[in-house]
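The values are calculated or read from the model by the stated rules, or taken from the named source; none is laboratory data. Note that the structure is predicted; figures quoted are calculated from it, not measured. Note that each Cβ is placed from the backbone with ideal geometry, even for glycine, and that neighbours are counted across all protein chains shown. Surface accessibility is based on the protein's heavy atoms, side chains included, excluding ligands, DNA and RNA. Shrake-Rupley method; radii C 1.70, N 1.55, O 1.52, S 1.80 Å.
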Amino acid sequence: MLSSTRRMGNTEQLAYCAANSLPSSAQQRWIHLQDHPLPYFVDLRHHTPYPAPTGNAQLLLDATLDATDLVLVAPLYWYSLPVHAKHYLDYWSAWLRTPHLNFREEMRGKTLWFIVVSSGDRAETKPLEETLILTARYMAMNWGGLLYGTGSRPNDIQDDAQALKQAQHFFSAADPAPDPSPTAAQPLMQKAR
Ligand SMILES: Cc1cc2nc3c(=O)[nH]c(=O)nc-3n(C[C@H](O)[C@H](O)[C@H](O)COP(=O)(O)O)c2cc1C
């Protein structure tokens with residue numbers, strides 16, 4: 001799931017480098033979230049059941065359910081996710097409550113990966129990394145890990161030799177689900193949101 005607002009930027013290039021090492025038997029589907037805009041998300045949890053998804057929401061839902069592994073590919077925007085990626089995740093909240101989707105059960109055991117580029121330093125991506133680890137845990141998904149690169153202008157990533165090297169092994173070195181905040185995370189799991 002590519003979420004930069006520009007094409008062939010640093011994050012997209014880094015994601016291609018990482019995908020390059022996947023075996024040919026691994027099916028890949030690349031989606032630019034910007035190509036599939038979603039209607040404004042509205043919290044209907046406490047009013048009416050969510051309607052069945054249609055249009056782009058249906059497309060993104062189907063792609064999500066079809067995948068064994070979900071890779072969020074995002075530039076750091078204000079220490080957080082770009083709006084398309086955040087919007088997509090907000091829809092998970094609706095899908096969790098849409099009758100007959102069984103979204104929670106379907107997501108259980110899939111693996112969430114994160115590829116991020118920023119123009120600052122790695123430490124500034126830490127809060128977002130922890131956010132996504134908690135999100136994976138809430139969904140009973142596995143956490144694959146984070147691949148970080150640095151760059152500002154498009155193609156800057158090509159000068160980040162360390163990121164390009166790490167990309168070669170990224171998908172073969174899954175994280176053992178680090179625990180960012182054990183005391184805070186567990187109650188989250190149990191709460192119905
Ligand atoms: C709206 C916006 C917010 C940004 N916020 C940050 C930030 O908080 N920290 C940072 O280091 N870089 C920030 N950047 C820089 C991008 O993360 C950086 O240019 C990145 O390489 C863009 O990736 P892309 O080429 O895939 O779009 C921001 C860029 C934009 C456009």
Going through (1) more than 14 Å from the chain's Cα centre (by Cα); (2) within 27 Å of Arg137 (Cβ to Cβ); (3) more than 16 Å from the ligand (Cβ to nearest atom) one by one, Leu65 fails only at (1)
Exactly one of (1) over 30 Å from Ala161 (Cβ atoms); (2) within 16 Å of the ligand (Cβ to nearest atom); (3) open to solvent by less than 40 Å² (accessible area, probe 1.4 Å) is unmet by Leu81. Its number? (1)
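Has the stretch 84-96 got at least one residue that is modelled with pLDDT of 95 or more and on the phi > 0 side of the Ramachandran plot? Don't jump to the end; show me each part of the working.
Step one: list which residues in the stretch 84-96 are modelled with pLDDT of 95 or more, which gives 84-96.
If we keep only those that are on the phi > 0 side of the Ramachandran plot too, we end up with none.
Scanning the stretch 84-96 turns up no residue that is modelled with pLDDT of 95 or more and on the phi > 0 side of the Ramachandran plot.
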Are there any pairs with C-beta distances below 8 angstrom linking a residue in the stretch 61-82 that is farther than 17 Å from Gly145 by Cα and among the aromatic types (Phe, Trp, Tyr) to a residue that is within 11 Å of the ligand (Cβ to nearest atom) and open to solvent by less than 20 Å² (accessible area, probe 1.4 Å), with the two at least 6 apart or on different chains, and if so which? Tyr79/Thr125; Tyr79/Leu128
Regarding Lys165, is this residue modelled with pLDDT of 95 or more, away from the ligand (no atom under 16 Å from the Cβ) and surrounded by fewer than 18 Cβ atoms within 10 Å (Cβ to Cβ)? yes
Select from the stretch 3-24 the residues that are of a type in the set (Ser, Thr, Tyr) and outside any helix (DSSP H, G or I) and write down the one among them that is nearest to the ligand (Cβ to nearest atom). Ser4
Here are some conditions: (1) among the β-branched types (Val, Ile, Thr); (2) within 12 Å of the ligand (Cβ to nearest atom); (3) open to solvent by less than 20 Å² (accessible area, probe 1.4 Å). Ile133 meets all but one. Which one does it not meet? (2)
Residue satisfying all of: in the stretch 84-127; open to solvent by 20 Å² or more (accessible area, probe 1.4 Å) and of a type in the set (A, V, I, L, M, F, W, C); farthest from the ligand (Cβ to nearest atom) among these: Leu101
